[in-house]
């Protein structure tokens, strides 16, 4: 079974990419069962990551992966938000920003300024 050749496949946060036992959960490159772009990618998004920049020649030139890539729990933090609208439609929409880690099952509230700050990428550098 081939693995998806998308460079960011192991970084996309979907439940079917979560692997490992409790304490060692990680995101993993998908096995290629759908067969996009000559059976090299698991989705159009993964195909586009490579195709628009390199195409099939690059895969052949730079080499195929034969082991899945991993994103461990400590590297799996990402920023996200939800919004709440009161039943009073005249009031403004309220956004709730947070860091999320699906592998650890954690969610840490942050301000909108922290959400917009490109230098803050994990909860560990919130105080900086």
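What follows draws every value from the coordinates through simple rules; no lab data is involved. From a predicted model like this one, the values you see are computed outputs, not experimental measurements. Positions of Cβ are backbone-derived with ideal geometry, glycine not excepted, and every protein chain shown enters the neighbour counts.
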Which order do 108, 65 fall in if you start with the one that has the fewest other Cβ atoms within 10 Å? 108, 65
How would you rank 106, 40, going from fewest to most other Cβ atoms within 10 Å of each one's own Cβ? 106, 40
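Pull out the extension gain between residue 64 and residue 116, defined as 0.36 nm times the separation in residues minus the alpha carbon to alpha carbon distance; nm, one decimal.
Working: separation 52, 0.36 × 52 = 18.72 nm, distance 3.60 nm.
My answer for the length gained is 15.1 nm.
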Residue among 115, 95, 27 with the largest mean-square fluctuation in a Gaussian network model of the chain, springs linking Cα atoms under 10 Å: 95
What nm value, rounded to one decimal, do you get for the distance between residue 125 and residue 53 when each label is placed 7 Å out toward the C-beta? 2.0 nm
Quick one: check the C-alpha center-to-center distance for the stretch 92-118 versus the stretch 23-67, whole angstrom. 29 Å
Two pseudo-spin positions, 7 Å from Cα along C-beta at residue 108 and at residue 38, lie apart in nanometres by 4.4 nm
If 15, 25, 100 are placed from fewest to most neighbouring beta carbons inside 10 Å, the sequence is 15, 100, 25
Go ahead and estimate [θ] at 222 nm for the chain from helices alone: -39,500 (n - 2.57) per DSSP H run with n ≥ 4, summed, over the residue count, rounded to 500. -4000 deg cm²/dmol
Hey, how much of the P(r) for the stretch 9-73 falls beyond 16 Å, as a percent of Cα pairs? 50 percent
Just to be sure I follow: if Rg is taken over the C-alpha atoms of the chain and Rh is the Kirkwood radius over the same atoms, what is Rg/Rh? 1.08
